[in-house]
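*Asks:* Quick one: this structure, given as structure tokens, is what I'll be asking you about.
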Amino acid sequence: MIHTHTFEVGGKTLSIESGRVAKQAGGAVLLGMGETVVLATATMSKNPRVGLDFFPLTCDFEERKYAVGKIPGGFQKRGGRPTDKSILSSRLMDRPLRPLFPEGMRNDVQIIATTFSVDFDCPPDVLAITAAGAALAVSDIPFNGPVAGVRVGYIDGNFILYPSFEEIENSELDLCVAGHKGAISMVEAGAKEVSEELMTKALQFAHKAIQEICKELEVFAKEAGKPKRDIPLNIIDKKLIEGIKKSHEKDIAAALSNPDKMSRESALDELTEEITAGLKAKHADEPEVLSQLNEAVDKVVKATVRKLIIEKDQRPDGRKLDQIRNLEAIPGILPKVHGSGLFTRGQTQVMSVATLGTPGDAQTLDGLDPATSKRYMHFYNFPPYSVGEARPMRGPGRREIGHGALAERALVPVIPMDDPDFPYTILIISECLESNGSTSMASVCGSTLALLDAGVPIKAPVAGIAMGLMSDGKTFKVLTDIQGMEDFCGDMDFKVAGTRDGITALQLDTKLDGIPEKVLSDALKQALKARMQILDVIDEAVPARRSEINPNAPRITTIQINPEKIGALIGPGGATIRKLTAETGCQIDVQQDGRVLIASNEGHLAEAAIEQIRALTATLEVGTEFSGAITRLMGKGALVEMPGGKDGLVPTELLASPAPGRPDDVVSVGDKLNVRVYEVDAQGRVNLTALGVAQEIPALAGNAAADPNTRPTRSSEGRDRGGRGGFGGRDRDRGGDRGGRGGYGDRDRGGRGGDRDRGDRGGRGSYGDRDREDRDRGDSGEAPEKATVEMRPARGKKASSPEVPDSFPKKSSGDSEEGNAKFRPRR
């Protein structure tokens, strides 16, 4: 049976449907808003997994390019590994759902959200949270829901629910919140330095919308929901836990009171082995109890940590609840890189390294968002040695991708990505060297140091801190700068990053059903105090900003060319720009608006590249001077390579003063000739002169003093072709009757087959000027004694010397009776 439910929240309409598709899943719903449609399914295994000490929940957000009418890029048209955005969306689903399953649940649960259609006015990621909550609500899986997710923007002083992609770009706040009717359970935010008060109001606005949605989901679940299944839960024997507390709680508390992580963990491991060994002997005949020993001891350790903090304000390392561990900030610790920063907070240490590149180094995006590239990237690495472990190195997991994205989001508001005077692409990689709590926030601090060392003109330094929470349901203790054990045993991991003026990023994870809004507000205020202390340390480490980019980083010079000349700069198939890059060693990036960015570590190479680019894209007008290599010599003059790769002709009489008899008398192929444009004809052809221009070639030393207005002369001696008359009526006495053509001039030359041998007609040059000086058409003095005729043999036949019939016409040559026969086959 198909069930549908439609309701409005914040001016947006949500539609939910169940019973039409994916009916074999434990629960399935289609959720729509605008033209965005997301399918969410929730399925649970029949039996629990034996031997696990955690709940095996898997959440996947499946992007489908067809949802936005795209074919995946690259060779794999099926689609490759999940994009970072897909992984981050999966984390958004997992974090608010996990705390609401029954404690001790060990059945596999898989939740999949698939994008069927995406409307850019309705981003699908937060809708997937609501769809997953609805799928669990109507499924047969035990779940203390429902859960809903919303996105909040802040534009012109107003909060906006479910903003579009375009509105997010213009918003001061991009806040994703998930929760249930009782409280907020997940927060993910990026902001442009908003205040703690504004963030608190935004959280309240979001939770109100979540409560409205959850009420509607409850109504829908009553109509379309399945009965919940009874499943076995892994519940630890309470008597076993109480027995361990009575006999070993003091020993555990003593082992916990050690500020050094490695020593503390080693003492706890030894104590755990001692406790379990004694209990194994005591319960040797009780296999069920033996299987619970390790988890029971672990629960007692956690309970002891919580009790010490809640009842005595006593933290494992002896700090006060609002105290930060020792801080150290060192910029520029690496000698060769573009920028580096080492940040240490207690036993948490991160090295961040910044690398600057050109816009062409930007990352190409192939996801469902309208963005196609980004010029700031932040990656986070977590090697096993950072926690004293030895294990195989693998690719980044969801945690590493999430931490890198959080640090990136925290720094985006202060990096001048939209500044045309700062066209760099930035890549920051944060290497976690030691880990004992909140390496992601240490990455933010280390990356600020690296950006300052690189000379990036950031708006302001950014710092981050992680806040924790211990609660017994009545008492809430907020902890500043939580370490690993407090995160593991606590109820909240609340990370806040920002400048002195406001918050730039926020992330909340909790193991509770939810966190009261007052507790979140108090945590924000406590985080502000800690953030200021860290910023004081950063400011002390970098008292003055760099006035320019780090000397190790490439300098980028920007010049503007006519966008219509971009093709001339790039060349056919990119040949011209590749050649220019190889010759100068510079990185050259061409923008569609005509901006050309030249990156080089050596100024003279950049200047050489700029000079060539300007020459290649210059508009050659009368009076323009430039230098070019002579590519060819011919009777009429010299061909010189012009900017853009074409050749221009310098007539022989304009090569030198006085004019040479032949071009090769004064110049050679390969010489660099300084020339000036003296004419651009109606067809756009450029004519050049070397007169009136200083030259480096010794034979042209007198050119600088020559008249620059000299024009070439065209002599007609010995080349009387007669009048041209009308069409085809040129009276050119070549001797003999050449027959009629028919039509114009009635000259019958026979067939026009492909074998038309007209002899050597000379080179044409770049402008079609044929060298005809070797063809005697006027008085040529004495004729040769015997005429020679060359004929091309027919294909497939052997060439032979044919006899010339006496009847062939001969050209008259003055008083001589013998003519110079020139055979022209019939056309």
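*Asks:* Give me a count of the residues in region 119-163 that are surrounded by fewer than 19 Cβ atoms within 10 Å (Cβ to Cβ) and either under 23 Å from ASP418 (Cβ atoms) or of a type in the set (Ser, Thr, Tyr) (or both).
*Replies:* 4
*Asks:* Condition test on VAL138, is it more than 18 Å from GLU62 (Cβ to Cβ), β-branched (Val, Ile, Thr) and touching a residue at least 60 places away in the same chain (Cβ under 8 Å)? Spell out how you get there, then give the answer.
*Replies:* Numbers: more than 18 Å from GLU62 (Cβ to Cβ): yes; β-branched (Val, Ile, Thr): yes; touching a residue at least 60 places away in the same chain (Cβ under 8 Å): yes.
Answer is yes for this residue.
*Asks:* Is it true that some residue in region 409-430 is in contact with a Cys (Cβ under 7 Å, 6 or more places away or on another chain), touching a residue at least 40 places away in the same chain (Cβ under 8 Å) and closer than 21 Å to LEU520 by Cβ? Let's see the steps before the verdict.
*Replies:* Narrowing region 409-430 to residues in contact with a Cys (Cβ under 7 Å, 6 or more places away or on another chain): none.
Taking every residue of region 409-430 in turn, none turns out to be in contact with a Cys (Cβ under 7 Å, 6 or more places away or on another chain), touching a residue at least 40 places away in the same chain (Cβ under 8 Å) and closer than 21 Å to LEU520 by Cβ.
*Asks:* Please work out if GLY80 is on the phi > 0 side of the Ramachandran plot, part of a loop (DSSP other than H, G, I, E, B), out of contact with any helix residue (DSSP H, G or I) (no Cβ under 9 Å at 6 or more places or on another chain) and surrounded by fewer than 13 Cβ atoms within 10 Å (Cβ to Cβ). Outline the logic, then answer.
*Replies:* Numbers: on the phi > 0 side of the Ramachandran plot: no; part of a loop (DSSP other than H, G, I, E, B): yes; out of contact with any helix residue (DSSP H, G or I) (no Cβ under 9 Å at 6 or more places or on another chain): yes; surrounded by fewer than 13 Cβ atoms within 10 Å (Cβ to Cβ): yes.
Answer is no for this residue.
*Asks:* Among GLU103, GLU166, which is surrounded by fewer than 17 Cβ atoms within 10 Å (Cβ to Cβ), of a type in the set (Asp, Glu), within 21 Å of the chain's Cα centre (by Cα) and at pLDDT below 95? Quick ask: steps written out before the conclusion?
*Replies:* Numbers: GLU103 fails: within 21 Å of the chain's Cα centre (by Cα).
One residue alone meets the criteria, GLU166.
*Asks:* Test GLU540 against the stated conditions and say whether it is modelled with pLDDT of 95 or more, part of a helix (DSSP H, G or I), of a type outside the set (A, V, I, L, M, F, W, C) and open to solvent by 60 Å² or more (accessible area, probe 1.4 Å).
*Replies:* Values: modelled with pLDDT of 95 or more: yes; part of a helix (DSSP H, G or I): yes; of a type outside the set (A, V, I, L, M, F, W, C): yes; open to solvent by 60 Å² or more (accessible area, probe 1.4 Å): yes.
Yes, satisfied.
*Asks:* Which of the residues that make up region 1-20 are open to solvent by less than 40 Å² (accessible area, probe 1.4 Å) and free of Cβ contacts under 8 Å to residues at least 60 places away in the same chain?
*Replies:* GLU17
*Asks:* GLU548: touching a residue at least 60 places away in the same chain (Cβ under 8 Å), over 27 Å from the mean Cα position of the chain (by Cα) and loosely packed, with under 13 Cβ neighbours inside 10 Å, yes or no?
*Replies:* On the way: touching a residue at least 60 places away in the same chain (Cβ under 8 Å): yes; over 27 Å from the mean Cα position of the chain (by Cα): no; loosely packed, with under 13 Cβ neighbours inside 10 Å: yes.
No: the conditions fail for GLU548.
*Asks:* Being among the charged types (D, E, K, R) and farther than 30 Å from PHE120 by Cβ is the filter here; which residues of region 328-385 pass it? Even if it seems obvious, please write down each step before you answer.
*Replies:* Here is the first cut: in region 328-385, the ones among the charged types (D, E, K, R) are 328, 336, 345, 361, 366, 369, 374-375.
Passing the criteria: GLU328, LYS336, ARG345.
*Asks:* Could you list, in sequence order, all residues of region 199-252 that are without any contact (Cβ under 8 Å) to a residue 40 or more places away in the chain and under 30 Å from GLY498 (Cβ atoms)?
*Replies:* Answer for region 199-252, where residues must be without any contact (Cβ under 8 Å) to a residue 40 or more places away in the chain and under 30 Å from GLY498 (Cβ atoms): LYS208, GLN211.
*Asks:* Now a separate question. Please go through region 144-163 and pick out each residue that is out of contact with any strand residue (DSSP E or B) (no Cβ under 7 Å at 6 or more places or on another chain) and of a type outside the set (A, V, I, L, M, F, W, C).
*Replies:* Across region 144-163, the qualifying residues are ASN144, GLY145, PRO146, ASP156, GLY157, ASN158.
*Asks:* Just for region 143-177: of the residues that are in contact with a Pro (Cβ under 6 Å, 6 or more places away or on another chain) and either among the aromatic types (Phe, Trp, Tyr) or in a strand (DSSP E or B) (or both), which one is farthest from SER195 (Cα to Cα)?
*Replies:* PHE165
*Asks:* For region 352-377, enumerate the residues that are under 28 Å from CYS445 (Cβ atoms) and either part of a strand (DSSP E or B) or of a type in the set (Asp, Glu) (or both).
*Replies:* Residues satisfying the conditions are SER352, VAL353, ALA354, THR355, LEU356, GLY357, ASP361, GLN363, SER373, LYS374, TYR376, MET377.
*Asks:* I've got another one for you. In region 393-403, which residue that is open to solvent by less than 80 Å² (accessible area, probe 1.4 Å) and not charged (D, E, K, R) is farthest from LEU92 (Cα to Cα)?
*Replies:* Among those that are open to solvent by less than 80 Å² (accessible area, probe 1.4 Å) and not charged (D, E, K, R), it is GLY395.
*Asks:* For region 97-120, check the following and say yes or no: at least one residue is in a loop (DSSP other than H, G, I, E, B), touching a residue at least 60 places away in the same chain (Cβ under 8 Å) and touching a helix residue (DSSP H, G or I) at 6+ places or on another chain (Cβ under 9 Å).
*Replies:* Taking region 97-120 and keeping what is in a loop (DSSP other than H, G, I, E, B), we get 101-106, 118, 120.
Next, only the ones that are touching a residue at least 60 places away in the same chain (Cβ under 8 Å) stay: 102-106, 118, 120.
Restricting the remaining residues to those that are touching a helix residue (DSSP H, G or I) at 6+ places or on another chain (Cβ under 9 Å) gives 118, 120.
Yes.
*Asks:* Next question, about the same structure. Can you confirm whether LEU256 is within 19 Å of ALA296 (Cα to Cα) and within 47 Å of the chain's Cα centre (by Cα)?
*Replies:* So LEU256 passes the test.
*Asks:* In region 3-43, what count of residues is obtained for those that are closer than 10 Å to ALA131 by Cα and touching an Asp or Glu at 6+ places or on another chain (Cβ under 6 Å)?
*Replies:* Total meeting the criteria: 1.
*Asks:* State all residues of region 496-537 that are of a type in the set (D, E, K, R) and open to solvent by 10 Å² or more (accessible area, probe 1.4 Å); if no residue qualifies, say none.
*Replies:* First pass over region 496-537, keeping only residues of a type in the set (D, E, K, R): 500-501, 509, 511, 513, 517-518, 522, 525, 529, 531, 536.
Scanning region 496-537 gives ARG500, ASP501, ASP509, LYS511, ASP513, GLU517, LYS518, ASP522, LYS525, LYS529, ASP536.
*Asks:* Same structure again: Working only within region 198-222, note down all residues that are open to solvent by 40 Å² or more (accessible area, probe 1.4 Å) and in contact with a helix residue (DSSP H, G or I) (Cβ under 9 Å, 6 or more places away or on another chain).
*Replies:* Selection gives GLN204, GLU218.
*Asks:* Restricting attention to region 573-607, which residues are of a type in the set (Ser, Thr, Tyr) and either open to solvent by 70 Å² or more (accessible area, probe 1.4 Å) or more than 23 Å from the chain's Cα centre (by Cα) (or both)?
*Replies:* THR576, THR584 - these are the residues of region 573-607 that are of a type in the set (Ser, Thr, Tyr) and either open to solvent by 70 Å² or more (accessible area, probe 1.4 Å) or more than 23 Å from the chain's Cα centre (by Cα) (or both).
*Asks:* Take LEU293 and decide whether it is out of contact with any strand residue (DSSP E or B) (no Cβ under 6 Å at 6 or more places or on another chain), crowded, with 16+ Cβ neighbours inside 10 Å and at pLDDT below 90.
*Replies:* Working: out of contact with any strand residue (DSSP E or B) (no Cβ under 6 Å at 6 or more places or on another chain): yes; crowded, with 16+ Cβ neighbours inside 10 Å: yes; at pLDDT below 90: yes.
For LEU293, the condition - out of contact with any strand residue (DSSP E or B) (no Cβ under 6 Å at 6 or more places or on another chain), crowded, with 16+ Cβ neighbours inside 10 Å and at pLDDT below 90 - is met.
*Asks:* Output the residues belonging to region 688-709 that are crowded, with 19+ Cβ neighbours inside 10 Å and closer than 18 Å to ALA629 by Cβ.
*Replies:* LEU688, THR689, ALA690, VAL693, GLN695, LEU700, ASN703
*Asks:* Here's another thing I want to ask about it. Select, from VAL677, VAL650, VAL667, the only residue that is part of a loop (DSSP other than H, G, I, E, B), more than 44 Å from the chain's Cα centre (by Cα) and β-branched (Val, Ile, Thr).
*Replies:* Step by step, each of VAL677, VAL650, VAL667 is checked, and only VAL667 is part of a loop (DSSP other than H, G, I, E, B), more than 44 Å from the chain's Cα centre (by Cα) and β-branched (Val, Ile, Thr).
*Asks:* Among what's in region 55-77 and is modelled with pLDDT under 90 and of a type outside the set (D, E, K, R), pick the residue that is most open to solvent (accessible area, probe 1.4 Å).
*Replies:* Result: PHE75.
*Asks:* Among (1) at pLDDT below 95; (2) surrounded by 21 or more Cβ atoms within 10 Å (Cβ to Cβ); (3) of a type outside the set (S, T, N, Q); (4) more than 30 Å from the chain's Cα centre (by Cα), which single condition is GLY182 missing?
*Replies:* Status for GLY182: all satisfied but (2).
*Asks:* Given (1) over 49 Å from the mean Cα position of the chain (by Cα); (2) of a type outside the set (Gly, Ala, Ser); (3) not in a strand (DSSP E or B), identify the lone condition not met by LEU616.
*Replies:* With respect to (1) over 49 Å from the mean Cα position of the chain (by Cα); (2) of a type outside the set (Gly, Ala, Ser); (3) not in a strand (DSSP E or B), LEU616 is out only on (1).
*Asks:* Report, by residue number, each residue of region 472-494 that is open to solvent by 10 Å² or more (accessible area, probe 1.4 Å) and in a strand (DSSP E or B).
*Replies:* PHE476, LYS477, VAL478, ASP493
*Asks:* Another one. Out of the residues in region 433-471 meeting the condition of being under 24 Å from the mean Cα position of the chain (by Cα) and charged (D, E, K, R), tell me which one is surrounded by the most Cβ atoms within 10 Å (Cβ to Cβ).
*Replies:* ASP453
The values are calculated or read from the model by the stated rules, or taken from the named source; none is laboratory data. All of these numbers come straight from a predicted model, not from anything done at the bench. All Cβ positions, even for glycine, are placed from backbone atoms using ideal geometry, and neighbour counts span all protein chains on display. Only protein heavy atoms, including side chains, enter the accessible area calculation; ligands, DNA and RNA are left aside. Shrake-Rupley method; radii C 1.70, N 1.55, O 1.52, S 1.80 Å.
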